[in-house]
Amino acid sequence: MTPPHAKTWSPRGRTPVVRVRGRSRRRLSITALTCYKPGHRSRLIYRPRRDDGNRDGRKSFSRRDYRDLLIAAHQQLDGPLVLIRDNLNVHKAAGPREFAESRDWLTIYYLPPYAPDLNPVEGIWSLLRRGWLSNVAFSTPEHLAQTVRRGLRHIQYRSHLIDGCLTETGLTIRPT
């Protein structure tokens, strides 16, 4: 909930000050898929996960969460998926590999070890940070979650923004 730094306006000679509380242990994790198919509208499918602050609870996504997202995407898109992933350790583990091998509708490719410029989802995060999350001091975890959902929903319904994230990578889609 620490606010991101961004430029803002203020009267001349008065530096704007935003007071925030101390760091919160709670966090909001989000996983997302940008979906592209030639001749169809681009789609954004995402899932947020709030850390409830419980010391024993899981703070981030598990392999099961990623698997459930892929199954939901397959059902929504009604067709085979070609998934291009970054090298997050959860993505490279044995469980997701075995899951992909057991599904004929899923093919996975991995980006080079550190290539955020080739990942369209990084563009989604950039849009979110520069737009809905900039210059906001979140008062509660619920306020943060609500603002993130609103921003992602806005992006989700504007396929030209999702297309722009793919264009920014320099990658193209060719039907086989």
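The values are calculated or read from the model by the stated rules, or taken from the named source; none is laboratory data. Nothing here was measured: the structure is a model prediction, and the numbers come from that model. Because the Cβ atoms are built from the backbone with ideal geometry, glycine has one as well, and the counts that use them run over all protein chains shown. The protein model used for the area step is the full one, side chains on, heavy atoms only, and it has no ligands, DNA or RNA in it. Shrake-Rupley method; radii C 1.70, N 1.55, O 1.52, S 1.80 Å.
Quick rundown of the values:
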quantity	calculated
Leading residue by the ranking (farthest from Thr169 (Cα to Cα)) among those in the stretch 77-96 that are open to solvent by 50 Å² or more (accessible area, probe 1.4 Å) and at pLDDT 80 or above	Asp78
Failed criterion for Arg129 (all others in (1) over 22 Å from His40 (Cα atoms); (2) open to solvent by less than 40 Å² (accessible area, probe 1.4 Å); (3) within 18 Å of the chain's Cα centre (by Cα) hold)	(2)
Filter result (in a loop (DSSP other than H, G, I, E, B) and either open to solvent by less than 40 Å² (accessible area, probe 1.4 Å) or in contact with a helix residue (DSSP H, G or I) (Cβ under 8 Å, 6 or more places away or on another chain) (or both)) within the stretch 111-122	Leu111, Pro112, Ala115, Asn119
Meets criteria (under 22 Å from Glu142 (Cα atoms) and either modelled with pLDDT under 85 or not in a strand (DSSP E or B) (or both)) for Asp56	yes
Which numbered condition Leu127 fails, given (1) within 30 Å of Val17 (Cβ to Cβ); (2) modelled with pLDDT of 90 or more; (3) outside any helix (DSSP H, G or I)	(3)
Condition broken by Ile108, with the remaining ones in (1) in contact with a helix residue (DSSP H, G or I) (Cβ under 6 Å, 6 or more places away or on another chain); (2) more than 30 Å from Pro16 (Cα to Cα); (3) part of a helix (DSSP H, G or I) satisfied	(3)
Cβ pairs under 6 Å, 6+ apart, first in the stretch 91-117 and closer than 17 Å to Leu33 by Cβ, second assigned to a strand (DSSP E or B)	His91/Arg85; Ala100/Leu106; Ala100/Ile108; Leu106/Leu81; Thr107/Val82; Ile108/Leu83; Tyr109/Ile84; Tyr110/Arg85
Hey, Arg67 open to solvent by less than 70 Å² (accessible area, probe 1.4 Å), touching a residue at least 24 places away in the same chain (Cβ under 8 Å) and among the basic types (Lys, Arg) or not	no
Residue among His143, His160, His74, His154 that alone is surrounded by fewer than 17 Cβ atoms within 10 Å (Cβ to Cβ) and at pLDDT below 90	His143
